[in-house]
Amino acid sequence: RGPAEAEAEGMGLTDLPGELLELILCCDVLGAADIGRVSCTCRRLREACQPRGKVWRERFRLRWPSLLKYYSHTDGVSWLEEYKARHNAGLEAQRIVASFSKRFFSEHVPCDGFSDIESLGCPSHFFEDELMCILNMEGRKGLTWKYYAKKILYFLRQQNILKNLKEYLQRPTDRQSFLEGAVLIDQYCNPLSDICLKSVQAQVDDITDKVRKVLRTKNPRHPSLASKAGEVLVAEVELQRQVLDAMNCVLYEQLKYKGNELDYYNSLNSYIHQVLIRRTGIPISLSVLYLTIARQLGVKLEPVNFPSHFLLRWCQGKEGSTDIFDYTYIDAFGKGKQLTVKECEYLIGHHVTEEFYGVVTSKEVLQRMVGNLLNLGKRESTDQSYQLLRDSLDLYLAMYPDNVQHLMLQARLYFHLGIWPEKVLDILQHIQALDPSQHGAVGYLVQHTLEHIERRKEEVGPEVKHRSDEKHKEVCFSIGLIMKHKRYGYNCVIYGWDPACMMGHEWIRNMNVHSLPHGPHQPFYNVLVEDGSCRYAAQENLEYNSEPREIPHPDIGRYFSEFTGVHYLANTELEIRYPEDLELTRATVQKIYSSGKE
């Protein structure tokens, strides 16, 4: 062998050119601990792994790629310190999520349950990123972690959106975009969805560009074609008409947008990102879209809070006219149809006074949008947590914090759900200060809320139910089994049981329990049902499910840590309460399902 071969054989890592050395150190098979150890070996490798260098930046990118969007300027960033901060935030997030099951299994997470999250010593986006990592864990394990990670993330994002909404409402009215307001409402009601103003605006801009193309074929010299969004106001009515005609062509003929007459009371119709996806909505959501596009093309349309059917108005006379007959009214729900005053009345079937044809502010538009969601929240029958009603009340009271009617509704809702009694007392105290005439209703709720707080203090801990107890000998089924209701056919999973019906006489009478062969004197089971409800079912009405499958219930993670494919495994807190059920469930499953899925 020649000297060259001998020299090459003796070449070490530190003898490599800098770019090649960086390439090796950026390899995804190396972990952060590996890079840390390498950087301690010698000066050359320490310099290659410097905190602000490419190696630690790549390590950060490989581990948490979604976080790079928070770094507009990467020069001068200590990627090693950022890596440590994100790692520590992850450990803190895991600690808090793990503690929630033990702390809040028996009750709804209280108002002050998130206090330690609000005082985090790390960037909130690091904490949120770890929560998303937990939610995106693959497989059917970690259900309890996912359940509480979702609750925490929901809270964090809603708090941030509320801050943004309050900032929006404090701006001058000419800086309150109708589209931005609609996005804020959408975000608050769907905090776990990826909704942002930039994305929604991009989709609206795309529709606007399509309108410009149609407009160009009709009038190549139209002033809207030369201007950027909203920069030039089109003065002539005929030129404005050309814009509106082009909009109607694109929205209703090309893109097939339409009012959702068949499923009018679906909450998705109120969310602007869903309107853009599904190309359907209700009058107010379609009006916000229509108005935004028109203004970007130089046509100033204005919102009209018309009863039962939101409209837009288009001035045909002197700008700012107070004469309602100087305007044409546009029905975005009805494919952009242009209406006279008389036709507006035909639309709703009765006469209205002139005040209903007046223009409204962005805040009043948001008030109506939230009011629609409030009404939908009251109608919801399957969602036993009343999440939509709670969210829409939060939004309404963020805009009108001293509205006694909605404060009372919020207090009654929390009281009905048995959650946040301390907050109920705060709300009631605020109502009493605002309107002393409410003392009767306030006094009743205060008394019963205080009783609830006292009962909670007297609770001595979880009741433990042992199979060996003589009174439990008739209980046939166990926690975690997938069952089917014999009469109603729904699929469900058992998360609790009683040796006999423990409900009051009124419930037993209303549910006609005495008509059952064994009446109330048989085991009853708490079950999570696939439609999202929680029910209390008699033993004689349940049977083993021959084709067990996952139960898509929002509270599944509160009670169970894993789905095995044929049954659920109770989490630690549920197992404490039913210590002998796990083995019984496994034995039952092995006996019933002999297909080897376990």
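To the nearest 20 Debye, how big is the dipole of the range 144-283 about its Cα centre, given +1 on the beta carbon of each Lys and Arg and -1 on that of each Asp and Glu?
420 debye
Taking +1 at the Cβ of each Lys and Arg and -1 at the Cβ of each Asp and Glu, which of L23, W420, F127 sits farthest along the dipole of the chain towards its positive end, judged by Cα position relative to the Cα centre?
Of the candidates, L23 comes out farthest on the positive side.
Give the cross-link partners of K591 among the aspartates and glutamates, using a straight C-alpha distance below 17 Å as the criterion and excluding same-chain residues fewer than 8 apart.
Straight-distance partners of K591: E543, E547, D581, E583.
With an 8 Å cut-off on Cα pairs and a minimum separation of 6 or more residues, tell me the relative contact order of the range 470-594 in percent.
The value is 27 percent.
For the range 329-380, which GluC sites (Glu not before Pro) are both in a DSSP coil and crowded by at most 16 other Cβ atoms within 10 Å?
Hits after loop and neighbour filter: E380.
Please give the length that would be gained between R171 and H505 if that part of the chain were fully extended, namely 0.36 nm times their separation in residues minus their C-alpha to C-alpha distance (nm, one decimal).
Result for the pair: 114.7 nm of gain on full extension.
What translational diffusion coefficient, in µm²/s and rounded to a whole number, does the Stokes-Einstein relation yield for the range 470-594 at 37 °C and a viscosity of 0.692 mPa s, taking the hydrodynamic radius as the Kirkwood radius over Cα pairs?
222 µm²/s
Applying a 10 Å radius around every beta-carbon, put 580-592, 68-80 in order of their mean neighbour count, most first.
Descending mean neighbour count gives 580-592, 68-80.
Cβ neighbours within 10 Å, averaged per peptide: list 517-525, 175-183, 430-438 in order, most packed at the top.
175-183, 517-525, 430-438
Three principal axis extents, largest first, for the C-alpha atoms of the chain, in Å?
99, 84, 53
Within the range 304-378, report the trypsin sites (Lys or Arg not before Pro) that DSSP leaves as loop and that have at most 13 other Cβ atoms within 10 Å.
K318
With the dipole of the chain worked out from charges on the C-beta (+1 for Lys and Arg, -1 for Asp and Glu) around the Cα centre, which of L233, A411, S72 lies farthest toward the positive end?
Farthest along the dipole direction, towards plus: L233.
Taking square-rooted eigenvalues a ≥ b ≥ c of the alpha carbon gyration tensor, is the range 403-459 rounded, prolate or oblate, where a/c under 1.5 means rounded and, failing that, a/b exceeding b/c means prolate?
Note, shape of the range 403-459 comes out prolate.
Distance cut-off 28 Å, Cα to Cα: go down the list K378/K423; K84/K423; K102/K486; K423/K457; K210/K337 and report the pairs above it.
K84/K423; K102/K486
How far apart, in nm, are the 7 Å Cα→Cβ label points at R487 and L162?
4.2 nm
Lys/Arg Cβ at +1, Asp/Glu Cβ at -1, dipole of the chain taken about the Cα centre: which of L192, Q242, F104 is farthest positive-ward?
Working it through, the farthest residue towards the positive pole turns out to be Q242.
Using a probe of 1.4 angstrom, how much of the accessible area of the chain is carbon and sulfur, in percent?
Taking all protein chains in place, the chain shows 50 percent carbon and sulfur surface.
Any idea what log10 I(q)/I(0) is at q = 0.22 Å⁻¹ for the range 291-395, Debye with uniform C-alpha scatterers and no solvent?
-1.16
Excluding F477 itself, calculate the net charge of residues whose Cβ lies under 10 Å from the Cβ of F477, where each Lys or Arg counts +1 and each Asp or Glu counts -1.
Combined, the nearby Lys, Arg, Asp and Glu give -2.
May I ask for the net charge around L67, where only other residues with Cβ less than 12 Å from the Cβ of L67 are counted and Lys, Arg are +1 while Asp, Glu are -1?
Summing Lys/Arg as +1 and Asp/Glu as -1 gives +1.
Where does the chain land at 222 nm, in deg cm²/dmol rounded to the nearest 500, when only DSSP H runs of n ≥ 4 count, each adding -39500 (n - 2.57), divided by all residues?
-15000 deg cm²/dmol
Treating only the Cβ of Lys, Arg, Asp and Glu as charged (+1, +1, -1, -1), what charge dipole size does the range 178-366 show about its Cα centre? Round to the nearest 20 debye.
So the magnitude is around 720 debye.
At 0.36 nm per residue, and after removing the present C-alpha to C-alpha distance, how many nm does the segment from K256 to H514 gain when stretched out fully?
Separation in residues times 0.36 nm, less the Cα-Cα distance, equals 87.4 nm.
Sum up the charges of everything whose Cβ sits under 12 Å from the Cβ of L179, counting Lys and Arg as +1 and Asp and Glu as -1, but leave L179 out.
-1
Between A202 and K102, what length comes free when the chain is fully extended (0.36 nm per residue of separation minus the Cα-Cα distance, one decimal in nm)?
In short, 31.6 nm is gained.
What accessible area per residue comes out for the chain, rounded to a whole number of Å², with a 1.4 Å probe?
In whole numbers, the chain has 52 Å² accessible per residue.
Given +1 on the Cβ of Lys and Arg, -1 on the Cβ of Asp and Glu, and no further charges, what dipole in debye does the chain carry about its Cα centre, rounded to the nearest 20?
Taking the Cα centre of the chain as origin, the dipole is about 960 debye.
Give the average over all directions of the projected area of the C-alpha convex hull of the range 178-366, one decimal, in nm².
So the Cα hull casts an average projection of 10.5 nm².
The values are calculated or read from the model by the stated rules, or taken from the named source; none is laboratory data. This is a predicted model, so every value here is computed, not measured. Virtual Cβ from ideal backbone geometry, glycine too; neighbours counted across all protein chains shown. For accessibility, only protein heavy atoms count, side chains too; no ligands or nucleic acids. Shrake-Rupley method; radii C 1.70, N 1.55, O 1.52, S 1.80 Å.
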